[in-house]
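The values are calculated or read from the model by the stated rules, or taken from the named source; none is laboratory data. Values in this document were obtained by computation on a predicted structure and should not be read as measured data. As a convention, Cβ positions derive from the backbone with ideal geometry for all residues, glycine included, and neighbour counts pool all protein chains shown. Just the protein is used for accessible areas: all its heavy atoms, side chains included, with ligands, DNA and RNA removed. Shrake-Rupley method; radii C 1.70, N 1.55, O 1.52, S 1.80 Å.
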Amino acid sequence: MSDLNQTFQQLLEDKGFPLKVKEEEDAIVYKGRLLLFEEHQVDFALSMSKGASECIAQIVFNNLATLANEDERSLWLQGLNLLNLHHGLYYYFALNEENRLFARYVTRVSGDIEDLFYILSKGGYIVERSLTFLTDYILNHKGTMK
């Protein structure tokens, strides 16, 4: 295991932030689950490539919402564009090929692992606020798009 991953695992332990750890060939993956709006569970993962002094880290929050009605796709995309342009903080939001909404953050880590932890730990708040914005946008603009 790389020095950065060891440091990150120690930080998780020190902060009382337990995650499942899975070692893959090129990366260590940290997995967790978050409860949003008191009823919606969201899976998230952070992967860090193996590197002693530098690595690529990616945080993904999956299955935030699902576009069930293809007729609303342009409305969702317009809302996502506004969200990313005007309200995005660290994460960008997008629909995958199965019309599931996800949030993603990618960065290079070369020293202070605390910044990565901070962005991970604030992810739930950012996701919840972003989902509220997107939901409000869709509800307020339904029927106005052609």
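Couple of notes before you dig in:
- Complete set of residues in the stretch 96-116 that are assigned to a strand (DSSP E or B), open to solvent by less than 60 Å² (accessible area, probe 1.4 Å) and over 25 Å from K15 (Cβ atoms): L101
- Selection count where residues are assigned to a strand (DSSP E or B), out of contact with any helix residue (DSSP H, G or I) (no Cβ under 7 Å at 6 or more places or on another chain) and either at pLDDT 90 or above or of a type in the set (K, R) (or both), scope the stretch 23-41: 9
- Number of the condition not met by L83 [criteria: (1) within 15 Å of the chain's Cα centre (by Cα); (2) open to solvent by less than 20 Å² (accessible area, probe 1.4 Å); (3) free of Cβ contacts under 8 Å to residues at least 40 places away in the same chain]: (3)
- Look at the stretch 86-112: where a residue is free of Cβ contacts under 8 Å to residues at least 60 places away in the same chain and under 19 Å from S74 (Cα atoms) and a partner is assigned to a loop (DSSP other than H, G, I, E, B) and open to solvent by less than 30 Å² (accessible area, probe 1.4 Å), sitting 6+ places away or on another chain with Cβ atoms under 8 Å, you get L95/L67; N99/L67; R100/L67; L101/L67; A103/Y91.
- On inspection, F93 does not qualify as within 22 Å of P18 (Cα to Cα) and either open to solvent by less than 80 Å² (accessible area, probe 1.4 Å) or touching a Lys or Arg at 6+ places or on another chain (Cβ under 6 Å) (or both).
- For the stretch 40-59, a residue qualifies if it is free of Cβ contacts under 8 Å to residues at least 60 places away in the same chain and of a type outside the set (S, T, Y), and the qualifying residues are H40, Q41, D43, A45, K50, G51, A52, E54, C55, I56, A57, Q58.
- Here G51 clears all of (1) of a type outside the set (S, T, N, Q); (2) open to solvent by less than 20 Å² (accessible area, probe 1.4 Å); (3) outside any loop (DSSP other than H, G, I, E, B); (4) in contact with a helix residue (DSSP H, G or I) (Cβ under 8 Å, 6 or more places away or on another chain) except the condition numbered (3).
- Filtered residues of the stretch 117-128 (kept if free of Cβ contacts under 8 Å to residues at least 40 places away in the same chain and either farther than 14 Å from A45 by Cα or exposed (fewer than 13 other Cβ atoms within 10 Å of the Cβ) (or both)): Y118, Y125, I126
- Just one of the numbered conditions (1) in contact (Cβ under 8 Å) with a residue 40 or more places away in the chain; (2) of a type outside the set (F, W, Y); (3) on the phi > 0 side of the Ramachandran plot is not true of K15: (3).
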